[in-house]
Each structure stands twice: as structure tokens, then as C-alpha cells.
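What follows draws every value from the coordinates through simple rules; no lab data is involved. Here the structure is a predicted model, which means the values were calculated and not measured. Every residue, glycine as well, gets a Cβ built from its backbone with ideal geometry; the counts of neighbours run over all protein chains shown.
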Amino acid sequence: MAKKSGSSFGTFDRSPIPEVNKILPIRTEFSKGSVPNSLYSVDQESAWSRWRRGFELYCKATINQEYSYPFDYLIPLPPGTVIPPGSNPPKIPGVFQGFPTANKELGMHWAGVRLAGSLRFDNIRDKDGDPSPILSVTEDDDYWYVQISGDWSATNPLPAPLFIPPVGPIPKQYPINGEILEDRVVSVGGAVINSQTIDPTTQKRYGYVQAVLISTNETTGVLKLQKQGSVESTPDGVLRTPATRPPNVGRYLITGARYCCSCQDFNRRDFAYMTTLGQNNKKLFPRTRAATAKPGRHEIMSLRGVVDNSAMTDATVNRNMQVVSPSPQYNVPPTVTPNTSTDARSLRDNPGVYRDFGNVYLRNRPSPSIPGAVADGMPTYDDYSTVTNPDGSHTITSLTDYWTPLLDEVRYCKHIYAMKFAEKIFPPEPSDIPIDAEGIVEWEQDLVAKVNKDNEKAVYDLTVRGLSTMDVPPYNCQAPMMMPMMQKLFNVPSTFVLMSGFRMFDKNGTEYNPSTGGSPAS
Amino acid sequence: MAEFGEIVDATFVLSAEQVEIRKYGFSEILFSGTPTVYHVGDVINLPYASGEISTMQAVGLAWGAFASGVTPE
């Protein structure tokens, strides 16, 4: 449409029509993401697109374990804490998964996963030293309230890391809030069960439930788990969502897999590219949209007190990351710690819950069989009721919308979707499929073809350029784009993310320690 | 019974034949060695014994120290 001049009130242009295949990082701020609008059938901010592209990446990148860097992270301990000789060190096992990308100078996005089972609740003890299984569960329409066994009170609250008491200007902290919890430990010290584990007493599968921890009451020992988005492994060995029953009484909880990614889509950050400076009219420097900006909020990477933004560091160097925020209201909710600019201990980037990444919305009806639950799946549009008139026509008597938040607490990038596909728990399909029904097949085929073409080019470019030693984890883990991610992934303060803690595994499964000069086998 | 640190729920296990024929892209460069220790999607078994400092406890110690302004040694 040609540009039309308006009246003196201004000039009115036609809004740009999004290109179907051009998927861009999510930038929407106030709509919280990807609800298809009423004007265009294509929404390039669709979570569905990421879900679908993630499946292609899963097929290409994760199935062969290429660019996969498994590690153990040995958690450093505060001074005075000694690991008993001969005992197992506390460690966080995980994998860095590289995804070649055509849009980044390094040629690779690095996503990370902390394996499920890393944190076990059978290691939590009450004041008498007794383990704390699930004592009972109550529920309402939306949540399960899981009572952890123990004599909890204001003077005897839940132990760390479920609850960290306030110290000076640092208020209460609940670092585990936002984690996925699963009731997969049957007895203290027992092996984690899976979907196929059979109870020897009943000869039936145990089954388990997976749900997100919403909040923690330290004085009563009640954990609030969200029904929506929960997953149940049934006695038939089938995974279904949402779960039809609460976590099992008597079991112990573990944490599920935790993901983080360095891509700008997940971090909601822009990168500047040195190789394209001056070649086009794209912006030359990263900038943040006004709606995203938290005035004054920034991160500082420093080495021995001097600002250091270099991308790569030696494996023997530990940099410090400080997240500076002028006042608590600029923190991203839900906030665990209100950082202040005057507090030198503000070293965290909202680790309990990822930065607000928009919710996924589902247009579906509540399930009558499961109060409070809304089944996931393709959207249904049965959102009105009618009466039949004597002449056979219909009159609409009510209009109702069923947009409800869906599933995970955060929206993932396509790399994390790829890893969730690899987890065997088929990530539920986001409801914002971004096109009219008649064009869906062709659109999806185009999308898949484009993903594959981009991926082949990215792999080719990476092969030509090559990754240097310092471009791979853990050598790049202190890069400005990686360090916040590492802290979110491990869910420990950034001061406890030290290079000396990394133990990597080479292709033969042999462990090596980069901080002491170790390297993988050739 | 799974031992400490073992994977108890693996995403997949490559057979010897699968390992043998693994290739990078369309090149003839064959992959050698065994698959790496952890895979994306694995579930690990970490049953710390009484008296050991578990991962759960260590994370708690880290957050508690952070609140007090204490950094690791």
C-alpha cells in the first residue's frame, strides 16, 4: 500500500507486515509475548516457532552429541567448611551444549543444563537430624501445598537453601523458588526412580509428579507447587500434563533439569558484531529498549578490582561480577534479593527465577475433570455459547475468553527447547501457532527448511573458522555474556562460580581440570 | 542399584554399532572414543551419605555465606 498522507494530526503509515520466515528475538514488553494479534496471522515473536525450531535443532545438534561438553562443577565452600576426608565432594553435574549459529561472531551459542537430581531433599534434615520426606499434601484449584516433615517454626525454619535468613540489608531469600521439583526418591539415599521403575512390593511402576515450586513457607515447612504445567509419569509409564494427582506422601523431592542459554533471545540482550561494523545500517552498539531498561541497572565484570570485559580468560583467573541496581523497584520480579547500589554484595542476576521472558498463553478451556487445570494442546475456539432460535438460527448468549498462562515459568529459546526435547519430556506445544490454519503446512515446511539451511551454513562457517581453545567452556565462562548465565544455571552466588571448580570430561569420558592446565585427550 | 554419580535415567545410550558409524556432517572423519559422560536430559544419582556435605547443603552454605558477605577461600 502506498504511503498516504494524513491530516494535520499526522502521517499515517501502514504498519509493516512481518516476514513469515523471519523470526527475531522476542522484544515485546507489555503484551508479555506472543498472543497472536487480530491484524496479522503471522507473529514472529511466537513461542511456537521456537518450539518447532527447537525440535529441528534437537534432531541436528543434540542427537550426535556434537559440541557437547559435560562437566562436574565442584561447589566452593565458605572458609572453615571442610569436606570430610574420603567423602564425595558436593558437585553440580551438567552439560554445555553448543549450537552453531549464523548470527554471531563466535559462531556458537552456548546453552547449559544442570542435570536433574542435582539437589535432593533427602539431604535435608530437621533440628533432630531426621530426614524430611513429604508428610502430607493439600490442594486448591491451582496449587498443591506440600508439607515437609519436621517441626518447623519461626525459630526453627526450613534449612538452606530452601530459606536463607535475612542478614543486615539482605532480606529473606528463597533461592530454590522457581525450580522444578520431582518426587523421585523413595527412600533416604535411594536411587532416583524413573518412569519405568517398578515398585517391588506391588509390581507396578512407581510413577512420579513434576511441578514448579512457586513459594516456600519457612515457618510451616509448606512448599507451594503449581498444578498448571505439572507433569505426571503414570503407572502405565506414560507422561501426561497436567498431573492428575499430587506428589506422593513419603517420597523425597529432587530438582529437575535447569536450563540457561547465552543467546540474545533468552537473555534478551543485543550483541554488536565487529565484523559488520560499517557494512550496513544496523545499529553499531548494543542498546536496550526503553521498556526493558532498568535505569541504572548494570553489571560490572572486574578482575582484581579493575573492570575487565574481555571475552576470554585464562582458566586460572576468576573475575568478579557485580549486578548494580539503584533501588529495589528496578529489580525484575519475582525478585529474590533487592539489590542496591550501596551493597557490594549485590552479585546476582535474579537467579531464583530467570529474567522475565514473557509467559506463554494458552487458549483452551478448563478441564472439568481436573479442577483448576487446563489441558495443553492446540487452541480451541469454543469460547462462546449460543441458543437455537425457533427459526433455526443461533444467538450468541455469552462470550468468554480462555487465555491462561501456560506451562513453564519462562519462555525458552529454541536452544533450550532442543534440550527439553532431548530430555524425553516432550515440551508441550505453545498455543500461539503463528499463522492461519490454511497456511500452516506450507509455513511449517518453510520454517523447517529455513532452520536446516541456516544450521548447515552455521556449521559450515564454524568449520571454516574453527573454535579456538578459549572459545569453549569453561574457558569462556567468564565472558560478559556467559557469566550471568553460569550463575543462573548453577543457582549459587556469582562469587561461588570459580574456574577452579570445573572438571570437564573429554570424548573418552576422562576427567581433566582446566584450572591446573588439564586438557582433553587428542 | 545405581552407584553415586551414575546416570539413572539416560536420554539415550548409543550402541557399539552407533558409536562406530558416527560421523561429523558428511565428511569421512570418524568419531573415535566413547560417548561423553553426561548427556543433555540425563538424571543423576547423588545420594550423599550422612556426614558428607551434599550438593543441597553446599548450595545452602553458598547462599548463606553470600548473605553474610563471605566469599569462598
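Where does each of A:249-261, A:180-192 land if you order them by average Cβ count within 10 Å, highest first?
A:249-261, A:180-192
Per-residue mean of other chain beta-carbon atoms within 10 angstrom of the beta-carbon, peptide A:78-87?
Mean shielding by partner chains, rounded to a whole number: 4.
When only C-alpha pairs under 8 Å and at least 6 residues apart count, what is the relative contact order of the range A:155-253, in percent? It would help to have the intermediate numbers written out before the result.
Numbers: 195 pairs, mean separation 26.7, N = 99.
Here the relative contact order equals 27 percent.
Can you pull the mean other chain C-beta count within 10 Å for peptide A:495-501?
Details: counts 7, 9, 2, 3, 0, 1, 1.
Partner-chain Cβ atoms within 10 Å, mean over residues of A:495-501: 3.
Let me confirm one metric for peptide A:90-97, namely the mean number of other chain beta-carbon atoms within 10 Å of its residues' beta-carbons.
6
Among A:512, A:412, what is the fewest-to-most ranking by other Cβ atoms within 10 Å? It would help to have the intermediate numbers written out before the result.
On the way: A:512 15, A:412 27.
Ascending Cβ contact count within 10 Å gives the list A:512, A:412.
Among A:119, A:101, A:133, flag the residue with its Cα farthest along the positive direction of the charge dipole of the range A:62-143, charges on Cβ as +1 for Lys/Arg and -1 for Asp/Glu.
A:101
What is the distance, in nm, between label points placed 7 Å from the Cα along the Cα-to-Cβ direction at residue A:516 and at residue A:219?
4.9
According to a simple spin-label model (label point 7 Å from Cα along Cα-to-Cβ), what is the distance in nm between residue A:127 and residue A:441?
Distance between the two pseudo-spin positions: 6.8 nm.
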